[in-house]
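The values are calculated or read from the model by the stated rules, or taken from the named source; none is laboratory data. Just so you know, these numbers come straight off a predicted model, no measurement behind them. For neighbour counting, all protein chains shown are included, and Cβ atoms are generated from backbone atoms with ideal geometry for every residue, glycine included.
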Amino acid sequence: MKMYVLTGGPGSGKSSILRYLEIIKGQHVIREAAEDYISLRQAMGDAEPWLAPDFQTHITNLQLQRNERNQFYKVFMDRSVVDNLAYVESGGDIYREMFPHARSQKLEKVFLIENLGSIATNNFRRENFGEALALEKRIEEVYQSLGHQPIRIPVDSVMNRADNILGYL
């Protein structure tokens, strides 16, 4: 199986590109686990599920389940387990718990979707623009530390960004 990851800071357009790849280009995708988990927990009455100490553990487990259930030869993923490392403190217990899963990810290519120059917060995205830029940098560093060389996808229309990604395959 070939796994292609779209990563980057919050609000960079990853989900929109993935929707385009799925709906217009007919590609198989795995949605972002964090957004789905947050949505579920909020529907269950937990307004801020990201404050729970085991939040990143739940996200990692959901991502791993989705990867294991994938039956397709090629799939585009909205983030991977590697991204989770950027959201937790390096060297902490949760980081050490997630690290073996992140290191074992067999990723064909990693595409770093560059930020759009601004960010809008919502129920899933709570980071401001400065935090989003810092996360983008941290995400890139984490992938590089695990031997991946993210391919930067610059700001452009959703269609052009998706076509740019497909051009690397």
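Please determine, by comparing only the residues of segment 140-164 that are assigned to a loop (DSSP other than H, G, I, E, B) and of a type outside the set (A, V, I, L, M), which one is surrounded by the fewest Cβ atoms within 10 Å (Cβ to Cβ).
Here the answer is G147.
I need the full set of residues from segment 45-85 which are in contact with a Ser or Thr (Cβ under 9 Å, 6 or more places away or on another chain), assigned to a helix (DSSP H, G or I) and modelled with pLDDT of 80 or more, in order please.
Within segment 45-85, V81, V82, D83, N84, L85 qualify.
Take the conditions at pLDDT 95 or above and under 19 Å from A34 (Cα atoms) and apply them to I151. Does it pass?
Judged against the criteria, I151 is not a match.
Tally the residues that are loosely packed, with under 12 Cβ neighbours inside 10 Å and either polar (S, T, N, Q) or assigned to a helix (DSSP H, G or I) (or both), restricting the search to segment 19-44.
2
Tell me, which residue of segment 16-44 that is of a type in the set (G, A, S) and modelled with pLDDT of 90 or more is nearest to M77 (Cα to Cα)?
Filtering segment 16-44 for residues that are of a type in the set (G, A, S) and modelled with pLDDT of 90 or more, the one nearest to M77 (Cα to Cα) comes out as S16.
Mind checking which residues of segment 69-93 are within 17 Å of H58 (Cα to Cα) and without any contact (Cβ under 8 Å) to a residue 40 or more places away in the chain?
Selection gives R69, V81, N84, V88, E89, G92, D93.
Let me spell it out: the conditions are (1) at negative phi; (2) touching a residue at least 40 places away in the same chain (Cβ under 8 Å), and R66 meets all of them except one. Which number is the exception?
(2)
Could you list all residues from segment 88-117 that are assigned to a loop (DSSP other than H, G, I, E, B), at pLDDT 80 or above, over 14 Å from G147 (Cα atoms) and not acidic (D, E)?
N115, L116, G117
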